[in-house]
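Read through the structure below, which is laid out as structure tokens, and then see the notes.
The values are calculated or read from the model by the stated rules, or taken from the named source; none is laboratory data. Keep in mind that this is a model prediction, so the values were computed, not measured. Counting neighbours? That spans all protein chains shown, and the Cβs are built from the backbone with ideal geometry, glycine included. The accessibility values were calculated without ligands, DNA or RNA, using every heavy atom of the protein model including side chains. Shrake-Rupley method; radii C 1.70, N 1.55, O 1.52, S 1.80 Å.
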Amino acid sequence: MKTVVVKCGGSVLKELSQSFFDSMKALIDDDYQIVFVHGGGPEINAMLEQMNVESEFKNGLRVTSEEVLQAAELVLSGSMNRKLVRLLEQQGIPAIGLQSSDQGVLQADFIDQEELGFVGDVTDVNKQVLELFLQAELLPVLTPIAKGPNGTVLNVNADHAAGAVAYALAADHLLMVTDVPGVLKDGALLPSLTADETQALIESGVISGGMIPKVNTALKALQSCGHVHIVSGKKPFYENGTWHGTQFNKEESS
Ligand SMILES: Nc1ncnc2c1ncn2[C@@H]1O[C@H](COP(=O)(O)OP(=O)(O)OP(=O)(O)O)[C@@H](O)[C@H]1O
Ligand SMILES: [Mg+2]
């Protein structure tokens, strides 16, 4: 059985189309087992606004004070995770929501406490827990909140979290679902990218903001995953064995 880790952007969670779920079902029919990791960017922003808390990003990562962390956990675990599990169940896909700091499903360490606050990079994944649910044919849906050192809880960029899960499970495929059709340049979709091409697009500023952790995760995942794509959640992403969006490749195809 092949494994695909799907990162579902908070940016698109409310706009997932029927054709997106049809693609998910096509994957399940083609014998893929699936693990979801989700984000919650826009909803966390809205919550912080309500709380009158300023929020800042550095290289696409949210600087996370204790207050921001509380808001992020509340939104991710209490709202976004619940929504995604219900959507999957409405589609007849049995799913189970996991708060990833529980049982150290995701374990992380501070990236740079002074610069970023409570932001972590995943150091370990409790894959036994994930395998337990996969064996029971339940699709795990993970929040990007990890168990940190000394009783802390850390906010992990959901793209980074998905990459770490894909690595831990030796997944065949990492799929990052977002609110745009893939990596765009001058409004046009780039159907395939190598590491060098991606780097050049970051340097020239074509790739910016939230797309930076996404493409960095994609490139890192190529070391262990055979297939890495960024796709839209508003359209079908997998039809008759063909994947859409931007595909990442180790080298230029000749
Ligand atoms: N070259 C690019 N091509 C496409 N999108 C880009 C590019 N550069 C920057 N972006 C931005 O990246 C965004 C996607 O990343 P973003 O972090 O906002 O969403 P997400 O990761 O899907 O959601 P979340 O962060 O909530 O999990 C796009 O909506 C777009 O505004
Ligand atoms: Mg993002």
Can you find even one residue in region 223-245 that is within 16 Å of ligand 2 (Cβ to nearest atom), surrounded by 15 or more Cβ atoms within 10 Å (Cβ to Cβ) and part of a helix (DSSP H, G or I)?
no
Step by step: first the residues of region 164-206, then only those that are within 15 Å of ligand 2 (Cβ to nearest atom) and in contact (Cβ under 8 Å) with a residue 60 or more places away in the chain, then the one that is farthest from residue 8 (Cα to Cα). Which residue is that?
183
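Against the condition of a type outside the set (Ser, Thr, Tyr) and under 18 Å from residue 154 (Cα atoms), how does residue 73 come out, does it pass?
In short, yes.
Based on what the data block shows, is residue 100 assigned to a loop (DSSP other than H, G, I, E, B), under 16 Å from the mean Cα position of the chain (by Cα) and in contact (Cβ under 8 Å) with a residue 60 or more places away in the chain? Lay out the reasoning, then the answer.
Details: assigned to a loop (DSSP other than H, G, I, E, B): yes; under 16 Å from the mean Cα position of the chain (by Cα): yes; in contact (Cβ under 8 Å) with a residue 60 or more places away in the chain: yes.
Yes, satisfied.
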For residue 152, all conditions in the list (1) in contact with an Asp or Glu (Cβ under 8 Å, 6 or more places away or on another chain); (2) more than 16 Å from ligand 1 (Cβ to nearest atom); (3) of a type in the set (Ser, Thr, Tyr) hold save one; what is the number of the exception?
(1)
Of everything in region 202-222 that's over 13 Å from residue 185 (Cα atoms) and part of a loop (DSSP other than H, G, I, E, B), which residue is least open to solvent (accessible area, probe 1.4 Å)?
222
Positions within region 161-196 being in contact with a Ser or Thr (Cβ under 6 Å, 6 or more places away or on another chain), assigned to a helix (DSSP H, G or I) and open to solvent by 40 Å² or more (accessible area, probe 1.4 Å), in sequence order
167
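Residue by residue through region 125-158, note down the ones that are in a helix (DSSP H, G or I) and closer than 20 Å to residue 71 by Cβ.
From region 125-158, those in a helix (DSSP H, G or I) are 127-135, 149-151, 158; that's our starting set.
Selection gives 151, 158.
In the list 47, 80, 1, which residue meets the criterion of being over 22 Å from residue 212 (Cα atoms) and modelled with pLDDT under 95? If you could, list the steps in order and put the result at the bottom.
Numbers: 47 fails: modelled with pLDDT under 95; 80 fails: modelled with pLDDT under 95.
Residue meeting the stated conditions: 1.
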Considering only region 1-19, state which residues are crowded, with 22+ Cβ neighbours inside 10 Å and in contact with a Pro (Cβ under 7 Å, 6 or more places away or on another chain).
10
